[in-house]
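Structure first, then comments.
What follows draws every value from the coordinates through simple rules; no lab data is involved. Bear in mind that the values here come from a model prediction, so they are computed numbers and not experimental data. FYI the Cβ positions are ideal-geometry reconstructions off the backbone, even for glycines, and counts take in every protein chain you see.
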Amino acid sequence: MTTRVSSHQALQVTTTTSVMAQTCAALLFGLIILFAVGFAPMGVAHNAAHDARHSLAFPCH
Amino acid sequence: MIFSRIIYSSIVIGLVAGMLLTSLQIAGLKPIIVEAERFETLATEMPAGHENSGHSDHAHADDFWAPAQGLERNAYSFLANVLASTGFAAIMLALMNQFQLPRKANISWGQGSLWGLAGFATLFLAPAIGLPPEIPGAVSAPLEHRQLWWALAVLSVAIGLGIFAFAAVRIKTLGLLFLVIPYIVGSPQVDTPMFQHADPSVTQVLINLHRQFVIISTVVNLIFWLSLGLCCRFVFNRWFRGLALSADPDRS
């Protein structure tokens with residue numbers, strides 16, 4: 001019985017840790033894309049995403 | 001695997017929401033941007049000495065490639081909108097999985113709308129209170145200062161709303177502190193008026209265009225964020241909630 005409970009607890013801890021690591025990685029993926037679209041300082045990136053930056057109220061020029 | 005599911009789902013949602021945003025943008029916002037650019041071009045063609053003293057010139061971007069007017073410009077706007085929507089969706093789905101998955105319940109229509117409204121409040125309203133949406137030609141503080149304050153406003157309000165929604169009752173007041181931090185710090189401003197043109201009638205036209213832009217962009221962003229929240233709700237209920245149930249040892 002003790003073994004069964006501890007294995008359940010171990011599984012839950014592993015699952016929680018795994019979910020957090022994966023959601024953090026997905027969060028980072030989203031932030032990198034948003035930086036590229038909304039903040040990248042290169043002139044080419046600015047000109048390509050110009051109307052999107054204005055429409056989404058990102059600081060522009 | 002939650003990570004790959006979030007990435008694939010966010011790309012699909014990004015395509016749908018990006019298409020919606022591009023349509024609204026072309027119909028309501030792009031005509032105002034193009035009209036403001038016309039006056040901006042006139043201003044940069046004025047002889048030296050008539051130029052604005054603030055940080056408003058577009059010249060730094062004129063040295064680089066830019067999409068041609070018409071279809072090409074719309075195509076790049078669509079691409080940028082799809083990428084931005086994909087980024088927003090990835091962040092929202094990551095947070096939904098972090099905070100809603102442990103509850104092992106479907107997200108209701110109301111909760112989905114609240115997620116959308118939270119996105120609107122965090123990524124549009126919070127920065128727009130200090131730095132209203134701008135049209136080309138507006139005089140404003142240096143770009144780096146505005147970007148830094150924008151990031152502070154978004155991060156701080158996101159934490160504040162997160163505390164309100166998910167933290168224990170006894171620390172919910174802490175959320176209020178995070179909501180006001182960006183406005184206590186204060187957004188970067190300039191002393192000169194936002195629009196200053198040699199011809200006062202042009203200045204008035206730009207002020208009117210800006211007023212229209214603020215109202216329409218608020219409506220466009222509200223529709224966009226509500227759609228994004230409801231799309232993420234649909235995807236979460238269909239492809240993610242089951243992961244919590246299948247990983248639950250009590251069910252085995």
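Quick notes on this one:
- Nearest-0.05 FRET efficiency for A:LEU31 and B:VAL169, computed from C-beta distance (R0 25 Å): 0.25
- With neighbours defined as other Cβ atoms within 10 Å of a residue's Cβ, the residues B:TYR183, B:TYR76 order from fewest to most as B:TYR183, B:TYR76.
- Note on B:ARG211, B:ARG146: ascending count of other Cβ atoms within 10 Å places them as B:ARG211, B:ARG146, the fewest first.
- Solvent-free Debye calculation, one equal scatterer per alpha-carbon of chain B: log10 I(q)/I(0) at 0.08 Å⁻¹ equals -0.40.
- Of the DSSP H helices in chain B, those that are both long (alpha-carbon extent of 20 Å or more along the helix axis) and hydrophobic (Kyte-Doolittle mean at least -1.0) are B:2-24, B:30-44, B:71-100, B:143-166, B:172-185, B:200-235.
- For chain B, the relative contact order is 33 percent, taking Cα pairs closer than 8 Å that sit 6 or more residues apart in sequence and dividing their mean separation by the residue count.
- Fewest-first sequence of B:CYS232, A:CYS60 by Cβ atoms within 10 Å of each Cβ: A:CYS60, B:CYS232
- Peptide B:70-81 - average C-beta neighbours from other chains (10 Å radius): 4
- Helix-only arithmetic for chain B: the sum of -39500 (n - 2.57) across DSSP H runs with n ≥ 4, divided by the residue total, places the mean residue ellipticity at 222 nm at -22500 deg cm²/dmol.
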